[in-house]
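Data first, discussion second: the structure below is written as structure tokens.
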Amino acid sequence: MYDPISTRYTFSCPAHGEARVMLHDFRELDRLDGATHPSVYRVRYACSCGDEHVGLVAHDELDWAPLGLDGAVFLNLMTDRLEPAEVEFGDLAARRIGAGEWPWSFFCYPEDRPRPVFPSMFWLLAPGGRSGSVGLAVRCPACLRVSINIVSAAHVDIPFHNDAAVGVVDHVFHDDALRTIEDFRAELDSSAFDARRLELQ
Ligand SMILES: [Zn+2]
Ligand SMILES: [Zn+2]
């Protein structure tokens, strides 16, 4: 359901039959109670038909498939053959993480520092600020508090593509502050953003 070549997830669309969406097309991620191996997320996503739909994504599809760790195949441009992606992408991803690079990161406002993160910690996303940019509410894996960053679409979609600097909403959000995606969009429209550098080392 995740294709590492196009970096797209495949869902179903009532109008077109199939919806192929990127991570930055996600609007809301909600971890379902109950399923734990793997855990399952209910994802609301913006479809090319103009509507938003809801689909289910397993935890490994969110966090590991973009790194090639799902047993998918990819087209090797050197040999022009389909090869197991896990060997190529997985090994490369492991080496880059070992060298201190991180596939995804964000700036934690309450802690005043950049943090590594995985897509399963993304909460709300919406087009925001400058054209082409994405507003992203993230629950910090370390302090569990919510920060809002303004990032490029590639920062969200492409593992190891980290913006050098991101916009950060200058505000600590309490758990009930962003109850709905509408609250989030209003916050994006009304907030001022500070630029922060995203160097993890
Ligand atoms: Zn659709
Ligand atoms: Zn934090």
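Looking at the range 1-62, what strands (runs of 3 or more DSSP E) fall wholly within it and have at least 1 residues that are out of contact with any helix residue (DSSP H, G or I) (no Cβ under 7 Å at 6 or more places or on another chain), more than 16 Å from ligand 2 (Cβ to nearest atom) and touching a residue at least 60 places away in the same chain (Cβ under 8 Å)?
On the way: elements: 8-11, 19-21, 26-36, 39-46, 52-58.
By residue number, 26-36, 39-46.
The rows are residues; the columns are (1) open to solvent by 10 Å² or more (accessible area, probe 1.4 Å); (2) of a type in the set (Lys, Arg); (3) within 16 Å of ligand 1 (Cβ to nearest atom); (4) touching a helix residue (DSSP H, G or I) at 6+ places or on another chain (Cβ under 7 Å).
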{"position": "Pro103", "(1), (2), (3), (4)": "no, no, no, yes"}
{"position": "Tyr109", "(1), (2), (3), (4)": "yes, no, no, no"}
{"position": "Met121", "(1), (2), (3), (4)": "yes, no, no, no"}
{"position": "Leu125", "(1), (2), (3), (4)": "no, no, no, yes"}
{"position": "Gly132", "(1), (2), (3), (4)": "yes, no, no, yes"}
{"position": "Arg139", "(1), (2), (3), (4)": "yes, yes, no, yes"}
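If we scan the range 18-34, do we find a residue that is within 16 Å of ligand 1 (Cβ to nearest atom) and surrounded by fewer than 13 Cβ atoms within 10 Å (Cβ to Cβ)?
Within the range 18-34, one or more residues are within 16 Å of ligand 1 (Cβ to nearest atom) and surrounded by fewer than 13 Cβ atoms within 10 Å (Cβ to Cβ).
The values are calculated or read from the model by the stated rules, or taken from the named source; none is laboratory data. The shown structure was predicted, so the numbers you read here are calculated from the model rather than taken from an experiment. When we count neighbours, we look across all protein chains shown, and the Cβ atoms used for this are built from the backbone with ideal geometry, even at glycine. Just the protein is used for accessible areas: all its heavy atoms, side chains included, with ligands, DNA and RNA removed. Shrake-Rupley method; radii C 1.70, N 1.55, O 1.52, S 1.80 Å.
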